[in-house]
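What follows draws every value from the coordinates through simple rules; no lab data is involved. Nothing here was measured: the structure is a model prediction, and the numbers come from that model. Note that we place each Cβ from the backbone using ideal geometry, even for glycine, and neighbour counts take in every protein chain shown.
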Amino acid sequence: MPAARDEERARLIALARYDILDTEPELAFDDLARLAALVCEAPMAQINFVDDTRTWSKASFGAPRITVPRASSLCALAIKRHEALVIEDVGADGRLSAYGRLDADIAIGFYAGVPFVTPDGHAIGVLCVADIRPRQLAPKQRDGLLALARLVESQLQLRASPARRERDESFTRLSSAASEGITILLEERVVEANNAFGRLFGYDLTEVAGRPLLDYIAPESREAVTRQLGLVSEKPHDVRGRRRDGATFDIEITIKRISYRDRPALGCVVRDISERKELDRIKSEFVSVVSHELRTPLTSIRGSLGLMEAGAVGELPPKARDLTRIARQNADRLIRLINDILDLEKIEAGKIQLQITAVDVADLVESTVAELRGMALLYKVSITTELGCREPVAGDRDRVVQILTNLLSNALKFSPEGGVVCVALATGAPGFLRFSVRDHGQGISTEQQARLFTRFEQLEAANTRRRGGTGLGLAISRSLVEQQGGRIGVESAPGQGSEFWFELPLVPAPSIRDAGAAADEPPGILVVEDDDAVARVVGIILARAGHSVTRAATLEEARSAVAARRPAVVLLDMKLPDGSGFDLVDHMSETPGLEQVPVVVLSGVEPTFDHRTRSDRVVEWLIKPFAERELLRALRDAMGNGPEPRSMTRRTA
Amino acid sequence: MRLLCADDEEDIRTILQLALSLDPELEVELVDSGEAALVRARAERFDAILLDGMMPGLDGYETCRRLKADPATAGIPVVFLTAKTQRTEVEQALTLGAVACLVKPFDPMTLAAELRGALGR
């Protein structure tokens, strides 16, 4: 019964909050036990707490304090029933014989226990009286025992130590000032929460504690939050929250390991981001409207002007032709501006998918320079190249061309007539290749350099008109470089010309190959991973360790890759765009020659029982994110033990 | 080469007419909707169809899907002319069986050549 188990977990957390188990006797509780014995005219009375394994006495009158297994405790029975339990003759009921002892030495005939309950409704212990002989409990005595149990409840509230009360108060005071929901979790259940947390989810603060965090999360996000709870990355995640009335809303949740009353716990900060999400939505809707609604009239304007300027509808008088050309050039500029805005928007929203491959940099520079020769002629500037380093970089070729084109065309525009622009390739920071573009223009002051890579920042407004730029090129370049794991910058001084540079990570030899490489090479490692960034990182780690790597982004690519060449090991992402990683495992198990290839799973989630038992080919299960050494160790183990099935182990880093 | 063009914007149709007529070998027929394009494509033989992506009623994508679903018109190469530039939209067009996606705004002086390039003739 999961509901009962849930309730029991919540009860144990409520108990833990009182921090009372295994503490020294206290006079107030001793007095309450004594009063209970007097009121009920019983020789023995106890105040007992019941945790998950045992019943423990805080106070005892007429008998020693006890610690007995929960299973043999009448108090545990009273807790389970959540109401007063009176047994006039314990011995008469055979089922209770196992319970009939206060401890090993004292068999009891009579028992009456009243659970005491926390303000949030959890019965955490029992005030009980007992006698060696069977007897009855008079109604007045029963009333007295109930009243005393209420006093135990009050005493528990008062008892919270001054130091802890202070601690709790400072948590309450500090957290009540926060607009974010703040909560502390023990075993993934809320033990403390601030007002904002209750408000956010539509609960009264008294109802918040004891519930699992997942109660506050919309069903579609529970898997993601469970994973987050397991990894505790301290990175904020955007998920859907769930209010008391069932309505769901966008929240950002950050989870951090903390210690709570000397127990490992999780601190959790929740922020309502519905407004931000709504703004994002409006923004991307706006961008999409801009994309379509501005382009349609511009198509007509640009088209009409182009036809007129070219004389397609009859020769124009010279002045009219000039004006048409001016109008057409400005329409072109507007189109470039719209394209740049859309491009930047997409890049910054992370909506572009980079196709990272090993890029032949010398070829890239030569072809980019060739493309811009015409422009150089126009500005009467010559271009030279210095290809000092020709090692391939890991990048998206088209995007690298875009960046270099931007820097080079800027340099051409801002060079004096007859000037020279030099494009160079050199080693950069360790593991990086540096592309640089040097001009002999007027140079840029330090203050101006700082603003250069932000939107719409051009050095002089007049330049915009004269040079026809949009002011977005450098911002786009910076975003693109950063998304490819590189850096961009400028070195310049007024009168000294400028050097714009960017660095991208080198691909260490042997390089990452795409699926379908030549079949005569030694068996390598097949990385089946749809996420480009993860695949790139894994590829670089493996290549640095001297492995030859093939990558497949889909199940289909993976099938053809294993068909083309038997890999030594398969590193497998479970979630692929066209199916589950296990489809590949099954496929290989059924394919002669591939049955023995060991598989290391790279997954965002823990393996389920089904996963664990599905195939003995899966020799390792790494949880993302994993450390480099962990990956290499898993691989070494997999290769060393390749043909022999091993029991699966799970590792996290 | 007989070309059928569908675009809901009259201005764009005017420019398409002028721009494509710069190529003497192109014989262009213009319609203003996806529905009309389907009717004309079934009625007569065309060598290629140029479709605007966004049109009220049947949009270009749906029109393309229906052209490809009909054995009588499935063989005619389709080229999209679209103001949208998202990679997914280009992919959508190609998935539907289009041979290429040309973007708006276009240069009227080179449109015919681009179209021929896309069609491989």
query: Among A:VAL421, A:THR405, A:LEU377, whose Cα lies farthest out toward the positive end of the dipole of segment A:357-505, if unit charges sit on the beta carbon of Lys, Arg (+1) and Asp, Glu (-1)?
result: A:LEU377
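If Rh is defined by the Kirkwood formula over all Cα pairs and Rg also comes from Cα, what ratio Rg/Rh do you get for segment A:201-303? Let's see the in-between values first.
Working: Rg = 20.2 Å, Rh = 16.4 Å.
So for segment A:201-303, dividing Rg by the Kirkwood Rh gives 1.23.
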statement: For segment A:276-342, the Cα convex hull volume per residue in Å³ comes to 66 Å³
- prompt: Each label point is 7 Å from the Cα along the Cα-to-Cβ direction; what then is the distance between the points at A:ASP143 and A:LYS380, in nm?
  reply: 11.3 nm
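Note the full-extension length gain between A:ALA545 and A:ASP578 as 0.36 nm times their separation in residues minus their Cα-Cα distance, in nm to one decimal. Could you put the intermediate results ahead of the total?
Working: separation 33, 0.36 × 33 = 11.88 nm, distance 3.02 nm.
Additional length available on full extension: 8.9 nm.
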Whole-angstrom gap from segment A:554-570 to segment A:58-87, using each part's C-alpha centre: 64 Å
query: So what is the relative contact order of segment A:282-367, in percent, for Cα pairs below 8 Å that sit 6 or more residues apart?
result: 30 percent
Count, lysine Cα pairs under 23 Å in segment A:245-394, 8 or more residues apart or across chains: 4
query: So how far apart, in nm, are the two label points at A:GLU275 and A:GLU24 if each is 7 Å from Cα heading toward Cβ?
result: 5.2 nm
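What is the average number of partner chain Cβ atoms found within 10 Å of a Cβ in A:301-308?
Working: counts 3, 6, 14, 5, 1, 10, 8, 2.
Average per residue, whole number: 6.
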task: Once you have the Cα-Cα distance between A:GLU630 and A:ARG81, take 0.36 nm times their residue separation minus that, and quote the gain in nm to one decimal.
output: 192.6 nm
query: What FRET efficiency do you get for A:ASP586 and A:ALA564 if R0 is 22 Å and r is their Cβ-Cβ distance, rounded to the nearest 0.05?
result: 0.70
- line: Rounded to the nearest 10, the angle in degrees between the Cα long axis of helix A:361-379 and the longest principal axis of the Cα atoms of chain A comes to 50 degrees
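Just subtract the alpha-carbon distance of A:ALA327 and A:ARG65 from 0.36 nm times their residue separation and send over the number in nm, one decimal. Walk me through the numbers before you get to the answer.
Working: separation 262, 0.36 × 262 = 94.32 nm, distance 9.66 nm.
Between A:ALA327 and A:ARG65, full extension yields an extra 84.7 nm.
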field: Estimated distance in nm for a label pair at A:ARG261 and B:SER21, the labels positioned 7 Å out from Cα along Cα-to-Cβ
entry: 8.8 nm
query: Taking the Cα atoms of chain B, what is the range of coordinates along each of the three principal axes, in descending order and whole Å?
result: 33, 33, 28
- prompt: Hey, if you drop one equal point scatterer on each alpha-carbon of segment A:216-266 and run the Debye formula without solvent, what base-10 log of I(q)/I(0) do you get at q = 0.17, 0.22 Å⁻¹?
  reply: -0.55, -0.80
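Quote the charge dipole size of segment A:249-350 about the Cα centre in Debye, to the nearest 20; the model charges only the Cβ of Lys and Arg (+1) and of Asp and Glu (-1). Walk me through the intermediate numbers first.
Values: 18 positive and 17 negative charges, 51 e Å.
That gives segment A:249-350 a dipole magnitude of about 240 debye.
Normalised by the residues of chain A, what does the relative contact order come to in percent, with Cα pairs under 8 Å and at least six apart? It would help to have the intermediate numbers written out before the result.
Details: 1155 pairs, mean separation 39.4, N = 653.
Relative CO of chain A lands at 6 percent.
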- line: Binned at 10 Å starting from 0, the alpha-carbon pair-distance distribution of segment A:8-157 in whole percents comes out as 12, 48, 34, 6
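In µm²/s, what is D for the protein assembly as shown at 37 °C and 0.692 mPa s, where D = kT/(6 pi eta Rh) by Stokes-Einstein and Rh is the Kirkwood radius from Cα pairs?
Numbers: Rh = 33.2 Å.
Rounded, D is 99 µm²/s.
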field: In degrees, nearest ten, helix A:27-40 long axis to first principal axis of chain A (Cα)
entry: 40 degrees
Positive dipole terminus of chain B, leading residue within B:GLY75, B:CYS64, B:ALA6 (C-beta point charges): B:GLY75
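Give the whole-number value, in cubic angstrom per residue, of the convex hull volume spanned by the C-alpha atoms of segment A:357-505.
Numbers: hull volume 14.9 nm³, N = 149.
Enclosed volume per residue, from the Cα hull, is 100 Å³.
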- line: Once the dipole of the protein assembly as shown is set up from charges on Cβ (+1 Lys and Arg, -1 Asp and Glu), the residue from the list A:THR254, A:LEU127, A:PHE502 lying farthest towards its positive end is A:LEU127
task: Note down the magnitude of the dipole of the protein assembly as shown about its Cα centre, charges +1 on Lys and Arg C-beta and -1 on Asp and Glu C-beta and zero elsewhere, to the nearest 20 debye.
output: 1240 debye
